[in-house]
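Q: Pasting a structure here, questions to come.
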Amino acid sequence: MDNAQDFGVLLDASCALVLVETNEEDRSLALIRHQAEMRGYPVWTWSTARGLTRDGGSPQYGTDTVHQALSAIGSLPGPGVFVLADGHHALADQTVVRRVKELTATFDAERTLVMTAPRHDVPPELVSTAHVWRLRPPGEGEIRSLVARTLEVLAARGFDIRLTDAGRDQLVASLQGLAVSQAERLLHRVTVRDGILHEGDLPALRLAKAQIFADDGVLELIETASTPLDRIGGLDALKEWLEIRGRVFLHPREGLPHPRGVLLTGVPGCGKSLAAKALAAAWGLPLVLLDPARLFDRYVGGSEEKLRGSLDAIEAMSPAVLWIDEVEKGFAAGSESDGGVTSRMLGTFLRWLQERPDGVFVVATANDVHALPPEFLRRGRFDEIFFVDLPSPQDRADILTTHLELRSLPVGEFGIEELTVATAGFSGAEIEAAIVGGMYRSLGGEGHLDHELLLAEIQRTVPLSRVRAEDITALRHWARDRAVRA
Ligand code: ATP
């Protein structure tokens, strides 16, 4: 059922009081008017600036205050939909709450009082009468016609609109979740910037949209511009998988299930986080980090509300990549001491994982797979589970080359082959740390960084794979028949 029909049902059900939550007053009013007109009910609107006004008429004398408006509504005969703006301010006054309660108790089937506000805190006195109705963002159809209208206007103003039909579909998908005015502004902004609108503008547009919703204290937008897929040494199977899934994620194919998510586990420091960033960059999607630790609220119920709020925000940001780092820490099997909060949150999250809309691709990373609740590994939650192991000799050569190049060091002079042998058992992060360590030593007066200095730095490093050899063997053992080697 769409928004409009939804509201119509409330009118048909003779709801005496509807509290509308919206940031789009004009859009909600248009929708309310349409539904009221279809039923032959006159519409009256009230704001403190204009007083009570019947559609098509002039303001009623002496109805500037909400009290006066409510009295006037009480004395109007017959059916009607009475829409009061800024309902949250009015309901902050106890005497208004009382009047609203008494007035709506006198309403017959064809009279409805509507109060609009960005958010409503329903006073306890009105809980049994009031129906809270949230105006959802415009649906695909509305966004599509907005895009058509706006592109026509922009083209008429001389801007160069170069979008294929597929590009237009992606544009529509990328603007969903926004209010009409926000979508329109964003479309203007990306076009006016360089005078052209083309598919290459979509990543910037998606990012700008994600920024609007990321401001919730739990979600964080991660910068991915400096992480192309070829920044990753090795992980060829994962890279190929991501490349193919990316094509289907952005251009769905009939008969192929929509890619939904991937779980990356493995040896710390071998590129799981890097892969999450590179994936979002390669697909041209915003990367949104959900840190489960930020969800835990000291007020009972607060954490679950925050989680639900964040999941709503993520859906509004779609298409987007949601990254949950160290997922085993945030959603570890609930301890007894927290009153069941963790297990309820886990339940909510798993349900969302199962039912989430197609526009959100989830990348979960985990170091301690043993702490991961088994429900995470059940089929249907993720398309694939990858195990990111220590890099092979060829991968280490690639990682050494990449990190030397990133720091503008002359790769050819470093004897990569010998360094590859010397870094056996190193993670990518440890190889990078040895190069950085070597650079600091050279700054500290040991000459410029060359093969010898880097080799010495490598030899000084004791890799984690040696210190925690048993843990890594156990990890590999776990992964053998549960995960695909990345
Ligand atoms: P952790 O589980 O400890 O968070 P991780 O597996 O997520 O580790 P990253 O954070 O991706 O590892 O790696 C840390 C840094 O090490 C990266 O930013 C990158 O510079 C370097 N690195 C790790 N693996 C690779 C790789 N395969 N190719 C290139 N660089 C790598």
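None of the figures in this text is laboratory data; all of them are computed from the coordinates on show. Fair warning: this is a prediction, and the values are worked out from it, not measured in the lab. Here Cβ is always computed from backbone atoms with ideal geometry, including for glycine, and neighbour counts include all displayed protein chains.
Q: By average Cβ neighbour count within 10 Å, what is the ranking of 209-217, 148-156 from highest down?
A: Per-residue mean Cβ counts within 10 Å order the peptides as 209-217, 148-156.
Q: Still on this structure, I have one more. Once both axes come from the Cα atoms, what is the angle between helix 140-156 and the longest principal axis of the chain, in degrees from 0 to 90, rounded to 10?
A: Taking the Cα atoms of the chain, the angle to 140-156 is about 80 degrees.
Q: Can you tell me how much longer the chain between TRP478 and ALA456 gets when fully stretched, taken as 0.36 nm per residue apart minus their C-alpha distance, in nm with one decimal?
A: Numbers: separation 22, 0.36 × 22 = 7.92 nm, distance 3.47 nm.
Length gained, TRP478 through ALA456: 4.5 nm.
Q: I've got another one for you. For ILE212 and GLN5, FRET efficiency with R0 = 22 Å and r from the beta-carbon atoms, rounded to 0.05?
A: 0.20
Q: With a ≥ b ≥ c taken as the square roots of the eigenvalues of the C-alpha gyration tensor of segment 17-63, please select rounded if a/c is under 1.5 and otherwise prolate if a/b is larger than b/c or oblate if it is not? Mind showing how you got there, number by number?
A: Working: a/c = 2.06, a/b = 1.25, b/c = 1.64.
Since a/c reaches 1.5 but b/c is at least a/b, the shape of segment 17-63 is classed as oblate.
Q: Next question, about the same structure. For ARG119 and HIS188, compute 0.36 nm times the residue count separating them, minus their Cα-Cα distance, and round to one decimal in nm.
A: Extending this stretch completely gives an extra 22.0 nm.
Q: Report the residues of segment 422-454 in range of a label on ALA469: point 7 Å along Cα→C-beta, backbone N strictly under 17 Å from it.
A: Only 423-427 fall inside the zone, counting backbone N under 17 Å.
Q: Roughly how many nanometres apart are two label points built 7 Å out from the Cα toward the Cβ at ARG134 and ALA225?
A: 3.3 nm
Q: With the alpha-carbon atoms as the only input, what is the per residue convex hull volume for segment 187-304 in Å³?
A: That works out to 164 Å³ per residue.
Q: Cα-Cα over 24 Å: which of LYS306/LYS329; LYS239/LYS277; LYS209/LYS239; LYS239/LYS329?
A: Distance filter (> 24 Å) returns LYS209/LYS239; LYS239/LYS329.
Q: Under the Karplus relation 6.51 cos²θ - 1.76 cosθ + 1.60, θ = phi - 60°, what is the ordered set of whole-Hz ³J(HN,Hα) values for segment 392-402, x standing for Gly and Pro?
A: Running phi through 6.51 cos²θ - 1.76 cosθ + 1.60 with θ = phi - 60° gives 6, x, 4, 5, 5, 4, 5, 5, 4, 4, 4 Hz.
Q: While we're looking at this one, here's another question. Could you work out how far helix 165-175 tilts from the main Cα principal axis of the chain, as a 0 to 90 degree angle to the nearest 10?
A: 70 degrees
Q: Now a separate question. How large is the Rg to Rh ratio of segment 114-191 when both quantities use alpha carbon positions and Rh follows Kirkwood?
A: Taking Rh as the inverse mean 1/r over Cα pairs, Rg/Rh reads 1.19.
Q: Around GLY80, which amide H atoms from residues at least 5 apart in sequence, or from another chain, sit under 5 Å from its own amide H, with H modelled in the peptide plane?
A: Counting only residues 5 or more places away or on other chains, the set is ARG111, THR112.
Q: What FRET efficiency, computed as 1/(1 + (r/R0)^6) with R0 = 35 Å and r the Cβ-Cβ distance, is obtained for MET38 and ASP169, rounded to the nearest 0.05? Don't skip to the answer; put the middle values down first.
A: On the way: r = 31 Å, r/R0 = 0.89.
Calculated transfer efficiency: 0.65.
Q: Along the charge dipole of the chain, which of LEU31, GLN394, LEU443 sits closest to the positive end, that is, farthest toward it, with unit charges on the beta carbon of Lys, Arg, Asp and Glu (+1, +1, -1, -1)?
A: Value computed over the given set: LEU31.
Q: Follow-up question, since we're still on this one. As I understand it, the value is the acute angle between the Cα axis of helix 25-38 and the longest principal axis of the Cα atoms of the chain; what does it come to in degrees, rounded to 10?
A: The angle comes out at about 50 degrees.
Q: Go through segment 113-128 residue by residue and turn each phi into a ³J(HN,Hα) via Karplus (6.51, -1.76, 1.60, θ = phi - 60°); whole Hz please, and just put x for glycine and proline.
A: In residue order, the calculated couplings are 9, 10, 10, 9, 6, x, 8, 10, 9, 5, x, x, 5, 9, 4, 7 Hz.
Q: Report the calculated FRET efficiency for GLU305 and ARG157 (r = Cβ-Cβ distance, R0 = 60 Å), to the nearest 0.05.
A: Computed FRET efficiency for GLU305 and ARG157: 0.85.
Q: So who's got an amide H within less than 5 Å of the one on VAL484, skipping anything under 5 residues away but keeping other chains? H placed 1.01 Å off N, in plane.
A: ILE385, PHE386, PHE387
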